[in-house]
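Report on one structure; see the data block that follows.
The values are calculated or read from the model by the stated rules, or taken from the named source; none is laboratory data. Only a predicted model underlies this, so the values are computations on that prediction, with no experimental measurement involved. Note: ideal-geometry Cβ built from the backbone for every residue, glycine included; neighbour counts use all protein chains shown.
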Amino acid sequence: MLDKRTHAGLDALAAAADAYVETAFGIRMGLEPADGKGLPHFLLDRYRIWRGQLNGEPALLVAMRTPGQGATANFIKHRDLLRQQLGVRLVLLLLEHVPAVVRRQMVERQIGFLAPGAQLYVPEALLDLRERTPPNLAPANEQFGPSTQLLILASLLGEDLNDVNLTRLAERFQVAIMTMSRTLDELEALQIAKARHVGRQRRLQLVVRDRELWQAVEGRLQSPVRKVRTVRGTLPSEIAPLAGESALAHYTMLAEPRFPHRAVAAAQWKQLQQSLELRVGFEFDDDDRAELETWSYDPRSLTREPVVDRLSLYLSMRNDPDERVAQAAQQLLEPFGW
């Protein structure tokens, strides 16, 4: 007969899981036993359940009280019932050990699981923390996402990011840790970075810098500009730095445009529109008119000045149909010596 595991033993395993996720990812799940209200008794008899969070999203960690043959197949049905009853999307099975055959079954069946000290697999979040297998090498013309581009531009602008751990990188660029993990996967796949771990901490290790890095990534970098709006209202520089032709005039001899061009993060547009009482549209002689770009990342992430950084500006202007503007954009690269 199979032994039924004790509350104390299962709670110790959950504590080990909490510590593992915090050490590896810098995220504290904050696991607490679920009260089980409204759950069928057969679920409470079969499983010990904890509530917590994973990267800000509610999560359930579930341990089998009596593991045995066929338990994994049964768990799939029970997982869906737990999701429905408790309204939580992420439901992870807590395992003490994860033999290769069990792991293969779990992955094939898309069952999220956590084995302390060994592996965290969350198919809903595209996260597999053990193998750290990077994605297949992307085609040469595939463009980087915003978080990858931010990290690369910061390095090209002189910021020393080598040996910085995953948690600090995520904080620095204001993205989720899982997003930054995928960024490092992408850079490792392209052989721009190599895997480096200190204990269970994952750290950035760029293998190319400066000119070599620029040459390796230039074709994958894209304009951060998502949309340009003509707005009326006051836009402080500390919120919306100069961008577009206004920034180009700051860095080069290009003449100032008639109305200022500024930039904000696309994610902040609606909130800023309300808080600053910005009006979209214009009349010909509006004194408070501005051309406002919304970017795929926060333009303030790469500058401390009231103007966007040179490299993001270059990427936003290099293909301008006005030859005068495109030529001025090329001058932005001169200080780097590339």
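Structure notes:
- Taking every residue in segment 317-330 that is within 13 Å of G244 (Cβ to Cβ) and pairing it with any residue that is of a type in the set (S, T, Y) and in a helix (DSSP H, G or I), at least 6 positions away or on another chain, the pairs with Cβ-Cβ distances below 8 Å are A329/Y314.
- Boolean, F25 is at pLDDT 90 or above and out of contact with any strand residue (DSSP E or B) (no Cβ under 7 Å at 6 or more places or on another chain): no
- Subset of segment 280-338 (residues that are more than 30 Å from the chain's Cα centre (by Cα) and among the charged types (D, E, K, R)): E283, D285, D286, D287, D288, R289, D322, E323, R324, E334
- Residue, surrounded by the fewest Cβ atoms within 10 Å (Cβ to Cβ), within segment 1-18, restricted to residues that are modelled with pLDDT under 85 and hydrophobic (A, V, I, L, M, F, W, C): M1
- Selection count where residues are part of a loop (DSSP other than H, G, I, E, B) and more than 23 Å from the chain's Cα centre (by Cα), scope segment 196-239: 6
- The helices (runs of 4 or more DSSP H) located wholly in segment 140-195 that include 1 or more residues which are of a type in the set (D, E, K, R) occupy 166-173, 177-189.
- Criterion (acidic (D, E) and surrounded by fewer than 17 Cβ atoms within 10 Å (Cβ to Cβ)) met by exactly one of D185, D210: D210
- The residue that is nearest to Q330 (Cα to Cα), among those in segment 245-275 that are assigned to a helix (DSSP H, G or I) and of a type in the set (A, V, I, L, M), is L248.
- Restricting segment 91-105 to residues that are surrounded by 19 or more Cβ atoms within 10 Å (Cβ to Cβ) and in contact with a helix residue (DSSP H, G or I) (Cβ under 7 Å, 6 or more places away or on another chain), the residue that is farthest from A63 (Cα to Cα): V91
- Only one of A247, A329, A255 that is more than 24 Å from E171 (Cα to Cα) and touching a His at 6+ places or on another chain (Cβ under 8 Å): A247
- Unmet criterion (only one of (1) closer than 30 Å to L204 by Cβ; (2) surrounded by 13 or more Cβ atoms within 10 Å (Cβ to Cβ)) for L43: (1)
- For segment 276-332, the candidate set comprises residues that are assigned to a loop (DSSP other than H, G, I, E, B), at pLDDT 95 or above and of a type in the set (A, V, I, L, M, F, W, C); within that set, the residue that is surrounded by the most Cβ atoms within 10 Å (Cβ to Cβ) is V308.
- A residue that is surrounded by fewer than 17 Cβ atoms within 10 Å (Cβ to Cβ) and without any contact (Cβ under 8 Å) to a residue 24 or more places away in the chain occurs nowhere in segment 219-234.
- Residue in segment 124-137 that is in a helix (DSSP H, G or I), surrounded by fewer than 19 Cβ atoms within 10 Å (Cβ to Cβ) and modelled with pLDDT under 95 present: yes
- Among the conditions (1) on the phi > 0 side of the Ramachandran plot; (2) touching a residue at least 12 places away in the same chain (Cβ under 8 Å), the only one that M180 does not satisfy is (1).
- Hey, A115 of a type in the set (A, V, I, L, M, F, W, C), loosely packed, with under 14 Cβ neighbours inside 10 Å and either under 24 Å from R48 (Cα atoms) or at pLDDT 90 or above (or both) or not: no
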